[in-house]
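The values are calculated or read from the model by the stated rules, or taken from the named source; none is laboratory data. Everything quoted here is computed from the prediction, not taken from an experiment. Cβ placement follows ideal geometry from the backbone for every residue including glycine, while neighbour counts extend to all protein chains displayed.
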Amino acid sequence: MARILLLSNGHGEDLSGSLLGQELRDLGHDVQALPFAGLGRPYLQAKLPLLGRSHEFSTGGIGYTSLKGRLTELLQGQIFYLFRRLIRLLRHADRFDLIVVVGDVIPVIAAWLSHRPVATYLVAYSSHYEGRLRLPWPCSTLLSSQRFRAVFSRDQLTADDLSKQLQRAVVFLGNPFMDPVLQPAPPLPPVQSRIGLLPGSRRPELENNLRLLLAVVERLSAAPDLSLDLALVPSLSDPELEAWAARGEWRFAGSKLKHPTGLSVHVHRGAFQAVLQASDLLICMAGTAAEQAVGLARPVLQLPGHGPQFTAAFAEAQRRLLGPTVFCAEGEAGSDDNLNRSASLALQLLERSRTDHALTQQCRLEAQRRLGSSGGGRRMADAISAVAHGSE
């Protein structure tokens, strides 16, 4: 079987890469990963070996967010780290029969420089942003070269668009990151209505996002029989959450965040899939998690924050990517006006999720259009496996 190296450059890309890597491993291939940004935790959790040590940066990507994000990257030394990653790739590239890119132009360039056969999953790009995808230089030229044996897109619109632009077949087979959340999860206790809270995964942005989410929750006190469920990543531990909450009005005890008004938020760890599936509405300050929510045909309410990732600009781009079932209230990020409007909109969407059949149908349609059906990881792995056999 083939020796395959996965290249990815962000937290969401690492998740997709790890799921694709597991499928390739199940097909008998020898798989390693080289994350260009972040620790590559999804690879480690999937027991896929990394090519060398890794380091985590607060922006979660490379040149991906705002000017502030890019300056943060420079101050943290991420550009120099990227250069060292590239050197490592070039030193070890001859060991691999195939390079698999999961991301955007950065790993595409790196893979091209390796002089190895490449398969590419352009998970970071979509024609839904502008109607016609404008790939950054020199991405189009590289993807059109014979070195790139297969190109996969994240939706059908992009596949059709890029097939014309690149004058080669670009294929949409689904998205691996949808496979886990489409599998049955242990159910949460049944309730009349449930809002899931998704604050993201990167610290310290996570804490700032959680503060804004709880500020919206405080404005939902008029909603009876409503369960509020927070999906929290392990990077913010229980003692840290308790200390963080104690600096404000909330208190963390057992598995709940409690407010003096009597409001409570259920805190779930290792149950992200269950929270997504059980919620009638998701309030999101995250990237991939919002995509997964839309893929599950759930309405999503964005709450723009102060970044470095989930800013108002990021949220606006995400709405263009994911379509009309993603909502956002007016007002400056973090302002009382935006928080009040967000709470009001959340209650409206919660009611519509139960009574508006047109919204329910639209959610199902956009889920298929934007994310595709389950099994995308295995379909893509089968196609990559065929390319790998031809490259051995």
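So Ser144 ticks every box in (1) closer than 18 Å to Ser18 by Cα; (2) small (Gly, Ala, Ser); (3) at pLDDT 95 or above but one. Which box is left unticked?
(1)
Being more than 24 Å from Gly38 (Cα to Cα), touching a residue at least 40 places away in the same chain (Cβ under 8 Å) and assigned to a loop (DSSP other than H, G, I, E, B), is that true of even one residue in the range 273-290? Break it down into steps so the answer makes sense when it comes.
Step one: list which residues in the range 273-290 are more than 24 Å from Gly38 (Cα to Cα), which gives 274-283.
Then keep just the ones that are touching a residue at least 40 places away in the same chain (Cβ under 8 Å); that gives 274-283.
Of the ones still in play, those that are also assigned to a loop (DSSP other than H, G, I, E, B) are 279-280.
Within the range 273-290, one or more residues are more than 24 Å from Gly38 (Cα to Cα), touching a residue at least 40 places away in the same chain (Cβ under 8 Å) and assigned to a loop (DSSP other than H, G, I, E, B).
Report yes if Phe314 is assigned to a loop (DSSP other than H, G, I, E, B), modelled with pLDDT under 95 and not charged (D, E, K, R), otherwise no. Reasoning before the result, please.
Values: assigned to a loop (DSSP other than H, G, I, E, B): no; modelled with pLDDT under 95: yes; not charged (D, E, K, R): yes.
No, not satisfied.
Can you name the residue in the range 100-134 that is farther than 17 Å from Leu166 by Cα and hydroxyl-bearing (Ser, Thr, Tyr) and, of all such residues, is surrounded by the fewest Cβ atoms within 10 Å (Cβ to Cβ)?
Among those residues, the one meeting the criterion is Tyr129.
I'd like to verify a number: residues in the range 202-238 that are in a helix (DSSP H, G or I) and free of Cβ contacts under 8 Å to residues at least 40 places away in the same chain, how many? If you could, list the steps in order and put the result at the bottom.
Residues of the range 202-238 that are in a helix (DSSP H, G or I), as a first pass: 205-218, 238.
Next, only the ones that are free of Cβ contacts under 8 Å to residues at least 40 places away in the same chain stay: 206-207, 210-211, 238.
Adding up the residues that qualify gives 5.
This table checks each residue for (1) closer than 30 Å to Asp30 by Cβ; (2) out of contact with any Phe, Trp or Tyr (no Cβ under 8 Å at 6 or more places or on another chain).
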{"position": "Met285", "(1), (2)": "no, no"}
{"position": "Gln302", "(1), (2)": "no, no"}
{"position": "Pro308", "(1), (2)": "no, yes"}
{"position": "Arg320", "(1), (2)": "no, no"}
{"position": "Ala329", "(1), (2)": "no, yes"}
{"position": "Gly334", "(1), (2)": "no, yes"}
{"position": "Ser344", "(1), (2)": "no, yes"}
{"position": "Cys363", "(1), (2)": "no, yes"}
{"position": "Gly375", "(1), (2)": "yes, yes"}
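Check every one of the helices (runs of 4 or more DSSP H) wholly within the range 325-392 and list those with 1 or more residues that are without any contact (Cβ under 8 Å) to a residue 24 or more places away in the chain and over 30 Å from Val101 (Cα atoms).
336-355, 357-370
Would you mind finding the one in Leu48, Leu5 that is over 14 Å from the mean Cα position of the chain (by Cα) and surrounded by fewer than 24 Cβ atoms within 10 Å (Cβ to Cβ)? Steps first, please.
Numbers: Leu5 fails: surrounded by fewer than 24 Cβ atoms within 10 Å (Cβ to Cβ).
Answer to the check: Leu48.
Yes/no matrix, rows are residues, columns are (1) aliphatic (A, V, I, L, M); (2) surrounded by fewer than 17 Cβ atoms within 10 Å (Cβ to Cβ); (3) in the same structural domain as Gly12 (by TED's automatic domain parsing):
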{"residue": "Ala159", "(1), (2), (3)": "yes, no, yes"}
{"residue": "Ala169", "(1), (2), (3)": "yes, yes, yes"}
{"residue": "Pro186", "(1), (2), (3)": "no, yes, no"}
{"residue": "Glu205", "(1), (2), (3)": "no, no, no"}
{"residue": "Asn208", "(1), (2), (3)": "no, no, no"}
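What number of residues within the range 234-290 are of a type in the set (Ser, Thr, Tyr) and over 30 Å from Arg354 (Cα atoms)?
First pass over the range 234-290, keeping only residues of a type in the set (Ser, Thr, Tyr): 235, 237, 255, 261, 264, 279, 288.
Checking the rest, the ones that are also over 30 Å from Arg354 (Cα atoms) come to 235, 237.
The qualifying residues number 2.
Would you be able to tell me the number of residues in the range 61-104 that are at pLDDT below 85 and of a type in the set (Lys, Arg)?
Residues of the range 61-104 that are at pLDDT below 85, as a first pass: 61-82.
From what is left, the residues that are of a type in the set (Lys, Arg) are 68, 70.
The number of residues fulfilling the criteria is 2.
Tell me, which residue of the range 361-382 that is crowded, with 17+ Cβ neighbours inside 10 Å and out of contact with any Leu (no Cβ under 8 Å at 6 or more places or on another chain) is nearest to Arg149 (Cα to Cα)?
Arg378
Could you please find all residues in the range 120-141 being more than 19 Å from Ser385 (Cα to Cα), of a type outside the set (Gly, Ala, Ser) and either modelled with pLDDT under 95 or part of a loop (DSSP other than H, G, I, E, B) (or both)? Even if it seems obvious, please write down each step before you answer.
First, pick out the residues of the range 120-141 that are more than 19 Å from Ser385 (Cα to Cα): 124-141.
This time we only want the ones that are of a type outside the set (Gly, Ala, Ser), so: 125, 128-130, 132-139, 141.
Tyr125, His128, Tyr129, Glu130, Arg132, Leu133, Arg134, Leu135, Pro136, Trp137, Pro138 - these are the residues of the range 120-141 that are more than 19 Å from Ser385 (Cα to Cα), of a type outside the set (Gly, Ala, Ser) and either modelled with pLDDT under 95 or part of a loop (DSSP other than H, G, I, E, B) (or both).
Check off (1) touching a strand residue (DSSP E or B) at 6+ places or on another chain (Cβ under 9 Å); (2) modelled with pLDDT under 90 for Ser58 and give me the number that stays unchecked.
The single condition Ser58 does not satisfy is (1).
Scan the range 197-226 for residues that are β-branched (Val, Ile, Thr) and within 15 Å of Ala315 (Cβ to Cβ) and report the count. Can you show your working first?
Kept after step one, since they are β-branched (Val, Ile, Thr), are these residues of the range 197-226: 216-217.
Add one more test, that the residue is within 15 Å of Ala315 (Cβ to Cβ), and what stays is 216.
Of the residues in the range 197-226, 1 are β-branched (Val, Ile, Thr) and within 15 Å of Ala315 (Cβ to Cβ).
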